Amino acid sequence: MRTVVQRVKNASVVIDGKDKNEINKGLMVLCAFEEEDDLEKIKYVANKIVNLRIFSDDEDKLNLSLLDIKGDILIVSNFTLYGNCDKGRRPNFTRAAKPEISEKMYDGFVEEVKTYGLTVKTGKFGADMLVDIKNDGPVTVIVESK
(Lines give C-alpha, C1' and ligand atoms only; values in the text may rest on other atoms or scores of the structure.)
Protein backbone atom coordinates (compact mmCIF):
# COMPACT_ATOMS: atom_id res chain seq x y z
CA MET A 1 0.00 0.00 0.00
CA ARG A 2 1.26 3.44 -0.92
CA THR A 3 -0.15 6.79 0.14
CA VAL A 4 0.66 10.42 -0.48
CA VAL A 5 -0.39 12.47 2.54
CA GLN A 6 -0.77 16.23 2.31
CA ARG A 7 -1.49 18.61 5.16
CA VAL A 8 -4.26 20.91 3.94
CA LYS A 9 -6.14 24.01 5.01
CA ASN A 10 -9.05 22.58 3.00
CA ALA A 11 -9.63 20.11 0.19
CA SER A 12 -12.44 18.83 -1.97
CA VAL A 13 -13.20 16.23 -4.58
CA VAL A 14 -15.84 16.50 -7.29
CA ILE A 15 -17.03 13.08 -8.41
CA ASP A 16 -18.18 12.54 -12.00
CA GLY A 17 -18.72 16.28 -12.37
CA LYS A 18 -21.56 16.50 -9.84
CA ASP A 19 -21.10 15.16 -6.30
CA LYS A 20 -18.71 17.11 -4.06
CA ASN A 21 -17.10 16.08 -0.79
CA GLU A 22 -14.98 18.57 1.10
CA ILE A 23 -12.98 18.94 4.30
CA ASN A 24 -11.51 21.73 6.35
CA LYS A 25 -8.12 21.62 8.11
CA GLY A 26 -6.67 18.14 8.01
CA LEU A 27 -5.16 15.63 5.60
CA MET A 28 -5.66 14.80 1.93
CA VAL A 29 -4.69 11.17 1.30
CA LEU A 30 -4.20 9.59 -2.11
CA CYS A 31 -3.91 5.80 -1.84
CA ALA A 32 -3.05 2.83 -4.04
CA PHE A 33 -2.79 -0.90 -3.42
CA GLU A 34 -0.79 -3.93 -4.54
CA GLU A 35 -2.24 -7.43 -4.81
CA GLU A 36 -0.32 -8.65 -1.74
CA ASP A 37 -1.71 -5.94 0.53
CA ASP A 38 -3.91 -7.15 3.37
CA LEU A 39 -5.82 -5.93 6.42
CA GLU A 40 -2.66 -5.85 8.55
CA LYS A 41 -0.97 -3.45 6.11
CA ILE A 42 -4.11 -1.33 5.86
CA LYS A 43 -4.30 -1.02 9.66
CA TYR A 44 -0.59 -0.14 9.86
CA VAL A 45 -0.88 2.66 7.29
CA ALA A 46 -4.13 4.04 8.75
CA ASN A 47 -2.59 4.17 12.24
CA LYS A 48 0.60 5.77 10.92
CA ILE A 49 -1.30 8.48 9.02
CA VAL A 50 -3.68 9.56 11.80
CA ASN A 51 -0.77 9.69 14.27
CA LEU A 52 1.77 11.49 12.05
CA ARG A 53 3.03 14.54 13.91
CA ILE A 54 2.88 16.99 11.01
CA PHE A 55 0.76 19.77 12.52
CA SER A 56 2.33 22.68 14.39
CA ASP A 57 2.03 23.16 18.14
CA ASP A 58 2.04 26.52 19.97
CA GLU A 59 5.82 26.77 19.46
CA ASP A 60 5.48 26.17 15.70
CA LYS A 61 7.06 22.72 15.95
CA LEU A 62 5.61 19.71 14.11
CA ASN A 63 4.39 17.93 17.25
CA LEU A 64 0.67 17.39 16.69
CA SER A 65 -1.19 14.67 14.83
CA LEU A 66 -4.51 14.68 13.00
CA LEU A 67 -6.01 13.09 16.12
CA ASP A 68 -4.55 15.84 18.33
CA ILE A 69 -6.08 18.64 16.27
CA LYS A 70 -9.30 16.71 15.57
CA GLY A 71 -8.83 17.43 11.87
CA ASP A 72 -10.66 16.06 8.85
CA ILE A 73 -9.40 13.56 6.30
CA LEU A 74 -10.22 13.19 2.61
CA ILE A 75 -9.29 9.83 1.08
CA VAL A 76 -9.12 9.33 -2.69
CA SER A 77 -8.05 6.18 -4.52
CA ASN A 78 -5.28 6.70 -7.09
CA PHE A 79 -3.75 3.60 -8.71
CA THR A 80 -1.28 5.80 -10.61
CA LEU A 81 0.81 6.04 -7.42
CA TYR A 82 2.23 2.70 -8.56
CA GLY A 83 3.24 4.06 -11.96
CA ASN A 84 6.78 2.97 -12.80
CA CYS A 85 8.52 5.44 -15.11
CA ASP A 86 11.93 3.73 -15.27
CA LYS A 87 11.61 2.67 -18.92
CA GLY A 88 10.16 4.57 -21.83
CA ARG A 89 7.79 7.50 -21.55
CA ARG A 90 4.57 5.76 -20.58
CA PRO A 91 4.21 4.69 -16.93
CA ASN A 92 3.81 0.99 -16.25
CA PHE A 93 1.08 0.21 -13.71
CA THR A 94 1.58 -3.55 -13.34
CA ARG A 95 2.34 -3.26 -9.59
CA ALA A 96 -1.12 -1.80 -8.90
CA ALA A 97 -3.73 -4.34 -7.82
CA LYS A 98 -6.59 -5.09 -10.18
CA PRO A 99 -9.65 -2.86 -9.68
CA GLU A 100 -11.81 -5.54 -8.03
CA ILE A 101 -9.08 -6.14 -5.43
CA SER A 102 -8.19 -2.47 -4.98
CA GLU A 103 -11.78 -1.42 -4.41
CA LYS A 104 -12.16 -3.84 -1.49
CA MET A 105 -8.91 -2.63 0.03
CA TYR A 106 -9.89 1.01 -0.48
CA ASP A 107 -13.21 0.41 1.29
CA GLY A 108 -11.35 -1.40 4.09
CA PHE A 109 -8.89 1.46 4.46
CA VAL A 110 -11.69 4.04 4.67
CA GLU A 111 -13.49 1.93 7.29
CA GLU A 112 -10.28 1.55 9.31
CA VAL A 113 -9.67 5.31 9.35
CA LYS A 114 -13.28 5.86 10.48
CA THR A 115 -12.59 3.79 13.61
CA TYR A 116 -10.47 6.71 14.90
CA GLY A 117 -13.56 8.93 15.20
CA LEU A 118 -12.47 11.50 12.64
CA THR A 119 -14.54 13.26 9.99
CA VAL A 120 -13.77 11.13 6.92
CA LYS A 121 -14.75 12.14 3.40
CA THR A 122 -13.97 10.17 0.26
CA GLY A 123 -13.88 10.13 -3.47
CA LYS A 124 -15.54 7.28 -5.36
CA PHE A 125 -13.46 4.33 -6.45
CA GLY A 126 -13.01 4.23 -10.23
CA ALA A 127 -14.85 7.50 -10.84
CA ASP A 128 -13.63 10.53 -12.73
CA MET A 129 -12.59 12.92 -9.96
CA LEU A 130 -11.38 16.49 -9.76
CA VAL A 131 -9.37 17.08 -6.58
CA ASP A 132 -8.77 20.58 -5.26
CA ILE A 133 -6.42 21.15 -2.35
CA LYS A 134 -4.99 24.05 -0.45
CA ASN A 135 -1.73 22.45 0.67
CA ASP A 136 -0.61 23.85 4.03
CA GLY A 137 3.14 24.43 4.33
CA PRO A 138 3.37 22.69 1.99
CA VAL A 139 3.73 19.50 3.96
CA THR A 140 3.62 16.31 1.87
CA VAL A 141 4.85 12.87 2.93
CA ILE A 142 4.69 9.35 1.53
CA VAL A 143 3.50 6.56 3.82
CA GLU A 144 3.83 2.95 2.67
CA SER A 145 3.14 -0.43 4.19
CA LYS A 146 6.14 -2.48 5.18
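Placing pseudo-labels 7 Å out from each Cα toward the beta carbon at residue 93 and residue 61 gives an inter-label distance of 4.3 nm.
With all protein chains present and a 1.4 Å probe, how do 42, 101 order by accessible area, largest first?
The residues order as 101, 42, largest area first.
Under conditions of 10 °C and 1.306 mPa s, the chain yields 102 µm² s⁻¹ as its translational diffusion coefficient, taking Rh as the Kirkwood radius over Cα pairs in the Stokes-Einstein equation. Across region 1-80, the volume of the C-alpha convex hull divided among the residues equals 101 Å³ per residue.
Taking the protein heavy atoms of region 51-115 in the context of the full set of protein chains, the accessible area attributed to carbon and sulfur is 47 percent at 1.4 Å.
Taking every protein chain into account, the accessible area of the chain amounts to 58 square angstrom per residue (probe 1.4 Å).
Set the Förster radius R0 to 25 Å, insert the Cβ-Cβ distance between residue 10 and residue 51 as r into 1/(1 + (r/R0)^6), and round the FRET efficiency to 0.05.
0.70
Here the Gaussian network model covers the chain, with springs between Cα atoms less than 10 Å apart; of 65, 56, 12, 56 fluctuates the most.
Inter-label distance, residue 84 to residue 141: 2.8 nm, where each label sits 7 Å from its Cα along the C-beta direction.
About its Cα centre, how strong a charge dipole does the chain have in debye, to the nearest 20, once Lys and Arg get +1 and Asp and Glu get -1 at the Cβ?
Magnitude of the dipole: close to 320 debye.
Residues 86, 37 ordered from highest to lowest accessible area at a 1.4 Å probe: 86, 37.
The values are calculated or read from the model by the stated rules, or taken from the named source; none is laboratory data. Only a predicted model underlies this, so the values are computations on that prediction, with no experimental measurement involved. Using ideal geometry, Cβ is built from the backbone for each residue, glycine included, and neighbour counts are taken over all protein chains shown. All accessible areas refer to the heavy atoms of the entire protein, side chains included, with ligands and DNA or RNA removed. Shrake-Rupley method; radii C 1.70, N 1.55, O 1.52, S 1.80 Å.
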